[in-house]
Amino acid sequence: MTKIASALLAAALAAGMAGCNSGPAPKPNPEAAPAKPPATQTVTGREAFQQLYATARLWAGDARPYREQSGTLKDANGQGGKAPIWFAGFASPSRRGLKNFTWSGTHDPDAPSYGVSSNVEDTYNPSNTSTLIFDIAFLKVDSDKAFDEAQKHGGDKLLKKNPKTPVTYVLDWQPQANSLYWHVLYGDSQNPELRVAVDATKGTFVRIEH
């Protein structure tokens with residue numbers, strides 16, 4: 001047998017032995033699989049407001065709020081006073097500017113980016129009734145308490161009829177009453193089935209608005 005033939009034979013035998021000794025293919029490492037996005041986080045209006053206010057003060061030291069509103073998702077419908085998305089508008093008298101900030105506790109692709117974000121600055125007009133700023137000292141009652149109060153005035157009947165009804169919350173200043181109100185909206189926020197006003201300082205029922 002030539003040296004070349006001997007070398008080829010040895011290589012073939014080595015390959016065969018390697019094939020005989022090989023075990024089953026290694027199982028894929030489950031840790032290498034793509035991680036699932038974190039579960040949606042929901043918070044009350046005051047919890048979100050604290051984060052949004054802190055960020056707004058970095059934008060302008062005299063930032064004052066004029067509105068806060070919640071958003072809902074299919075898996076987080078706002079019932080109970082907690083929501084996955086909160087928007088808040090702030091005004092800076094010294095800058096004569098407005099800026100909207102968003103808190104998002106979801107990685108849903110159709111929702112705002114996770115965490116706190118903001119949009120571009122706009123012009124602030126102190127005489128505009130839709131952007132009346134308020135003192136945060138008036139905000140003593142959280143959205144979960146506002147929800148509990150709204151439930152006593154028709155909300156419970158709606159949710160019993162349709163347990164999946166979304167609930168949204170709007171916080172704003174009411175100049176006629178010189179008070180800060182939570183507006184609890186059942187159903188489509190643009191055309192709710194029920195809208196209940198709750199005093200955000202006392203936690204008391206004010207009126208049925210719709």
ASP110-ASP188 pseudo-label distance in nm [points 7 Å out on the Cα-to-Cβ vector]: 1.5
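Within the set of other residues whose C-beta is less than 13 Å from the C-beta of GLU121, count the net charge using Lys and Arg as +1 and Asp and Glu as -1.
Values: positive: ARG95, ARG96, LYS99; negative: ASP122.
Every neighbour counted, the sum reads +2.
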Surface accessible to a 1.4 Å probe, per residue, for the residues of the stretch 129-210, Å²: 51
Net charge, PRO93 excluded, C-beta distance under 10 Å - Lys, Arg +1, Asp, Glu -1: +2
Accessible area of GLU209 in the full protein assembly, 1.4 Å probe (Å², nearest 10): 60
Area of LEU132 that stays accessible when all protein chains are in place (1.4 Å probe, Å², to 10): 40
Separation in nanometres of the label points that stand 7 Å from Cα toward Cβ, at ASP62 and ASN125: 2.0
Sorted largest first, extent of the stretch 89-205 alpha carbons per principal axis (Å): 48, 40, 24
Percent accessible area from carbon and sulfur atoms, the stretch 166-210, protein chains only, probe 1.4 Å: 43
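The values are calculated or read from the model by the stated rules, or taken from the named source; none is laboratory data. Here the structure is a predicted model, which is why all the values come from computation and not from measurement. Reconstructed Cβ throughout: ideal geometry from the backbone, glycine too, with neighbour counts over all protein chains shown. Surface areas here come from the heavy atoms of the whole protein model, side chains and all, with no ligands, DNA or RNA. Shrake-Rupley method; radii C 1.70, N 1.55, O 1.52, S 1.80 Å.
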